[in-house]
1. For the chain, what % of the accessible area comes from carbon and sulfur atoms, probe 1.4 Å?
2. Considering only DSSP states other than H, G, I, E and B, which trypsin sites (Lys or Arg not before Pro) in region 119-160 qualify as loop sites with at most 12 other Cβ atoms within 10 Å?
3. Using a basic spin-label model with each label point 7 Å from the Cα along Cα→Cβ, how many nm lie between Ile13 and His190?
4. For region 1-112, report the accessible area per residue in Å² (1.4 Å probe, heavy atoms, rounded to an integer).
5. Could you name the aspartates and glutamates whose alpha carbon sits less than 12 Å from that of Lys7, not counting residues in the same chain fewer than 8 places away?
6. Hey, what angle do you get for helix 139-148 against the long axis of the chain, alpha-carbon based, 0 to 90 degrees rounded to 10?
7. Residues of region 117-142 with the amide nitrogen closer than 11 Å to a label point 7 Å from the Cα of Val32, along Cα-to-Cβ, please.
8. Work out the FRET efficiency for Ala156 and Arg42 from their Cβ-Cβ distance, taking R0 = 30 Å, and round it to the nearest 0.05.
Amino acid sequence: GPRLGGKLQSHRIAGAVVEESANGLLDGDPAVGRLIDGLGLRNIVLTAQPGSRFVYRDGQLHPVPQSPAALFKKPYLSPGARIRLLTEPFRFRGPTDESVADFVRRRLGHQVLERLVEPFVTGIHAGDVERLSVAACFPALKEAELAHGSLLRGMAQRRKGNAGASPGQLVSFRGGLGTLVRALETALGHRVHTGTTCTALRRMEGGW
């Protein structure tokens, strides 16, 4: 394309930062921290605070639940959807990999997918939940199902310290995620070529 970042673009509109696609990234992988520090962005990192994310439904803002148990109290889920949550521990294990949408529909139901998971995933991956791999995007969820047969049981084990690493906190930067793109562009300098199609990669004596 003509500019770096692809869909990842930030704009300032009426004094507010508006993201064109993803609005944050998870910092659980140590490589993310090394990238932030290597680009000198640590002092402008913004961390999403508990209770700062909302679902807009029926003309109102509702805080995103901070625990599985809190889901049962949310008015934007129908009684039927809440009852279905109670049956989650009895759902069958799925294939080794599947889409995020298929995984959530099977384990938690369509309403949880539509009203909670899809907006959240879109805000991180800027992708289609029907096509994104749950094993690639949220490996801890798939591991919880395979190891414990249930997300609820898996999360309970995680709280006891017996499960995998935390996926990390949701972070962004002052000025939006576009700040990361601009910092990468500056660091890479003349090595970046926009408007160019890559047809092959070949290892040479000095690198690729």
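The values are calculated or read from the model by the stated rules, or taken from the named source; none is laboratory data. These figures come from a predicted structure and were not determined experimentally. We place every Cβ from the backbone using ideal geometry, glycine too, and count neighbours over all the protein chains shown. Surface accessibility is based on the protein's heavy atoms, side chains included, excluding ligands, DNA and RNA. Shrake-Rupley method; radii C 1.70, N 1.55, O 1.52, S 1.80 Å.
1. Working: 7340 of 12980 Å².
The value for the chain is 57 percent carbon and sulfur by accessible area.
2. On the way: sites: Arg131, Lys142, Arg153, Arg158, Arg159, Lys160; in loops: Arg131, Lys160.
In loop regions of region 119-160 (DSSP not H, G, I, E or B), the sparsely surrounded trypsin sites (Lys or Arg not before Pro) are Arg131, Lys160.
3. Taking the simple label geometry, Ile13 and His190 are separated by 3.9 nm.
4. Details: 6840 Å² over 112 residues.
Result: 61 Å² of accessible area for each residue.
5. Glu19, Glu20
6. In the chain, helix 139-148 runs at an angle near 30 degrees to the longest axis.
7. Only 124-125 fall inside the zone, counting backbone N under 11 Å.
8. Values: r = 34 Å, r/R0 = 1.13.
That pair, Ala156 with Arg42, gives E of 0.35.
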